[in-house]
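Q: Pasting a structure below so you can have a look.
The numbers here are math on the coordinates, done by the rules we state, and not lab data. Please read all numbers here as calculations on a predicted model, not as lab measurements. When we count neighbours, we look across all protein chains shown, and the Cβ atoms used for this are built from the backbone with ideal geometry, even at glycine.
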């Protein structure tokens, strides 16, 4: 199975989580993250990306995570297209022998994804459509991994 | 020939998603390419005025001094907001 998927379709969190350790009795931990579309006054959210670069950027992030921690399986699914409040946007799952590696790698992958993978969100509100601004807090979250392990 | 791509709010500002550009002589870096695009005037001045615009060369993030050459795919876009 590919480690990285960019797709319009929803994903099955249960099936993806199970697949991270199926048939692998060396796995002692699975950590997952699911990102959702918040309501907060928006009617819908459209996600655009840079086909080709997106997949490369995500694969590079996975590679960096594998260099930092002892990981067994990694899975990233990011949806694109038009999504509604409550919809799932992103899945990150990591399996490892021990929990520390899985927890840390899962958070690292999300922090790097938010600042390095070429996705852009546009919100539809009652007042019209607007592109979401990048957050400084996301840069800060990604930067704390520099020089850390 | 250079393949240029524009994404998200930048695409809307320019009213263009992509173009093929004959690389003018004397343009060897992303910063020089930005200045060239800005010189078109109108909405293209965003290349001079926006400090936050990002660039990628052949699908890898690139700074202002990154080299560009004929045959490259160069993309410009605002800071990313996925996840």
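Q: Let me have the 222 nm mean residue ellipticity of chain A computed from DSSP H runs of 4+ only, each contributing -39500 (n - 2.57), with the sum over all residues rounded to the nearest 500.
A: Helix contribution divided over all residues of chain A: -10500 deg cm²/dmol.
Q: Right, something else. In whole Å, what three semi-axes, largest first, describe the equivalent ellipsoid of the range B:1-58 built from its Cα gyration tensor (square root of 5 times each eigenvalue)?
A: So the equivalent ellipsoid measures 17, 13, 11 Å along its semi-axes.
Q: Oh, and also: Could you work out the Rg to Rh ratio of the protein assembly as shown, with Rh taken as the Kirkwood radius (inverse of the mean 1/r over all Cα pairs)?
A: 1.01
Q: Roughly how far apart, in whole Å, are the Cα centres of the range A:91-124 and the range B:1-74?
A: First find each Cα centre; the distance between them is then 29 Å.
Q: So for B:61, A:53, fewest C-beta neighbours within 10 Å to most, what's the order? Write out the running numbers ahead of the final one.
A: Details: B:61 16, A:53 21.
Listing B:61, A:53 from fewest to most nearby Cβ atoms yields B:61, A:53.
Q: Work the Kirkwood hydrodynamic radius out for the range A:56-143: mean of 1/r over every pair of different alpha-carbon atoms, inverted, in Å.
A: Numbers: mean 1/r = 0.0693 Å⁻¹.
Averaging 1/r across every pair of different Cα atoms and inverting gives 14.4 Å.
Q: Right, next: What is the helix-to-structure angle for A:99-116, meaning the angle in degrees between its Cα long axis and the longest Cα principal axis of chain A, kept from 0 to 90 and rounded to the nearest 10?
A: Taking the Cα atoms of chain A, the angle to A:99-116 is about 30 degrees.
Q: Remind me, relative contact order of the range B:8-83 in percent, using alpha carbon pairs under 8 angstrom and six or more residues apart?
A: This gives 34 percent for the range B:8-83.
Q: Which translational diffusion coefficient, to the nearest whole µm²/s, is obtained for the range A:1-130 from the Stokes-Einstein equation, given a Kirkwood hydrodynamic radius over C-alpha pairs, 4 °C and 1.567 mPa s?
A: For the chosen part, D equals 85 µm²/s.
Q: Here's another thing I want to ask about it. Give, in whole angstrom and from largest to smallest, the semi-axes √(5λ) of the equivalent ellipsoid of the range A:1-68, with λ running over the eigenvalues of the Cα gyration tensor. Numbers along the way, then the final one.
A: Working: eigenvalues 134, 67, 28 Å².
Computed over the range A:1-68, the values are 26, 18, 12 Å.
Q: Relative contact order for chain A: what is it in percent, counting Cα pairs under 8 Å that are at least 6 residues apart?
A: On the way: 269 pairs, mean separation 48.1, N = 149.
Across chain A, relative contact order equals 32 percent.
Q: Once the piece of chain linking residue A:98 and residue A:130 is laid out straight, how much longer is it, given 0.36 nm per residue of separation minus the C-alpha distance between them?
A: Value of the extension gain: 7.3 nm.
Q: Taking only DSSP H segments of four or more residues, each worth -39500 (n - 2.57), what value at 222 nm results for chain B once the sum is divided by all its residues, to the nearest 500 deg cm²/dmol?
A: Result for chain B, helices only: -6000 deg cm²/dmol.
Q: Separate question: Over all directions, how big on average is the projection of the convex hull of the alpha-carbon atoms in the range A:38-80, in square nanometres?
A: 4.4
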